[in-house]
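Here the structure is laid out as structure tokens; the discussion comes afterwards.
The values are calculated or read from the model by the stated rules, or taken from the named source; none is laboratory data. If you're wondering where the values come from, they're calculated on a predicted model, not measured in any experiment. Note: ideal-geometry Cβ built from the backbone for every residue, glycine included; neighbour counts use all protein chains shown.
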Amino acid sequence: MLDNFAMDSFNEMMDKKMYQEYESVKKNQGFYISRFNISKTSEGKPQSVKGAIPWVNINFYDAQKVASSIEQNENVNSHLTYGAEYDSVLAWFIKSKAKTLAEIAEDSTEWGNYWNARNSKIAILETGSDENWRVNNIYDLAGNVGEWTQEKYASLYRIIHGGYFYNFGENFPVAFRRYSNPKNKYDFVGFRATLYIK
């Protein structure tokens, strides 16, 4: 796991599935994360596209099922993003000099849909609605909606990463973590999918 941006004792044990994905990442030099938050087609199917409202009001278990259903074949596998993958993306932003550690761990206001952002509408916006919120071709990681991940806290809870439109970017930067009962649904929490090569 790369840099842990939280000071709290969150962790993620490497189970068999995660180990297989880790081996794929080593072999293929990376993984793919959805460019946009997952949204729904008019038929209710998952998609990662620009110009759609993120899929919210979904609990962790359903988000996990939906993310896993996006792509399953002999070559690739999709899943709900692990906390380690989320943090790896943030570490990549820093390493590529696209963002600083302070912009990730202290104040993400300038690159996300937050209450105190410029031109804030104080509402969930469509994916990709502002090019200033794109980093290394990934949109809306900071603000707009929080994101379920597979990261655990204690034995029951799951971790929601980042802040959302009703938060201030200096209080809930993109690296912020909170734990929640995985059965809960929120109108401000969505999710992304990660894709790895088998």
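For the range 139-160, name all the residues that are of a type in the set (A, V, I, L, M), in contact (Cβ under 8 Å) with a residue 40 or more places away in the chain and outside any loop (DSSP other than H, G, I, E, B).
To start, the set of residues in the range 139-160 that are of a type in the set (A, V, I, L, M) comprises 141-142, 145, 154, 156, 159-160.
Subsequent filtering for residues that are in contact (Cβ under 8 Å) with a residue 40 or more places away in the chain retains 141, 145, 159.
Of everything in the range 139-160, just one residue is of a type in the set (A, V, I, L, M), in contact (Cβ under 8 Å) with a residue 40 or more places away in the chain and outside any loop (DSSP other than H, G, I, E, B), namely Ile159.
What number of residues within the range 79-115 are assigned to a loop (DSSP other than H, G, I, E, B), at pLDDT below 95 and over 17 Å from the mean Cα position of the chain (by Cα)?
First, the residues of the range 79-115 that are assigned to a loop (DSSP other than H, G, I, E, B): 81-82, 96-100, 106-108, 114-115.
Narrowing the set further to residues that are at pLDDT below 95 leaves 81-82.
Now drop any that are not over 17 Å from the mean Cα position of the chain (by Cα), which leaves none.
Of the residues in that region, 0 qualify.
Mind listing whichever residues of the range 140-154 are of a type in the set (Ser, Thr, Tyr) and either over 21 Å from Ala63 (Cα atoms) or buried (at least 20 other Cβ atoms within 10 Å of the Cβ) (or both)?
Initial filter on the range 140-154 (of a type in the set (Ser, Thr, Tyr)): 149, 153.
Thr149 - this is the single residue of the range 140-154 that is of a type in the set (Ser, Thr, Tyr) and either over 21 Å from Ala63 (Cα atoms) or buried (at least 20 other Cβ atoms within 10 Å of the Cβ) (or both).
Would the range 23-31 turn up any residue that is modelled with pLDDT of 60 or more, in a loop (DSSP other than H, G, I, E, B) and either in contact with a Phe, Trp or Tyr (Cβ under 9 Å, 6 or more places away or on another chain) or surrounded by 11 or more Cβ atoms within 10 Å (Cβ to Cβ) (or both)?
Checked the range 23-31: at least one residue is modelled with pLDDT of 60 or more, in a loop (DSSP other than H, G, I, E, B) and either in contact with a Phe, Trp or Tyr (Cβ under 9 Å, 6 or more places away or on another chain) or surrounded by 11 or more Cβ atoms within 10 Å (Cβ to Cβ) (or both).
May I ask you to say which residue of Ala91, Ala102, Ala123 is free of Cβ contacts under 8 Å to residues at least 40 places away in the same chain and surrounded by fewer than 22 Cβ atoms within 10 Å (Cβ to Cβ)?
On the way: Ala91 fails: free of Cβ contacts under 8 Å to residues at least 40 places away in the same chain; Ala123 fails: free of Cβ contacts under 8 Å to residues at least 40 places away in the same chain.
The unique qualifying residue is Ala102.
From Tyr164, Tyr153, Tyr157, Tyr196, grab the single residue that is of a type in the set (Ser, Thr, Tyr), under 16 Å from Ile38 (Cβ atoms) and out of contact with any Lys or Arg (no Cβ under 7 Å at 6 or more places or on another chain). So that I can check it myself, show each step before the final result.
On the way: Tyr153 fails: under 16 Å from Ile38 (Cβ atoms); Tyr157 fails: under 16 Å from Ile38 (Cβ atoms); Tyr196 fails: under 16 Å from Ile38 (Cβ atoms).
After applying the criteria, what remains is Tyr164.
Does Tyr157 satisfy the criteria of being more than 16 Å from the chain's Cα centre (by Cα) and surrounded by fewer than 19 Cβ atoms within 10 Å (Cβ to Cβ)? Break it down stepwise before answering.
Working: more than 16 Å from the chain's Cα centre (by Cα): yes; surrounded by fewer than 19 Cβ atoms within 10 Å (Cβ to Cβ): yes.
Spelling it out, Tyr157 is indeed more than 16 Å from the chain's Cα centre (by Cα) and surrounded by fewer than 19 Cβ atoms within 10 Å (Cβ to Cβ).
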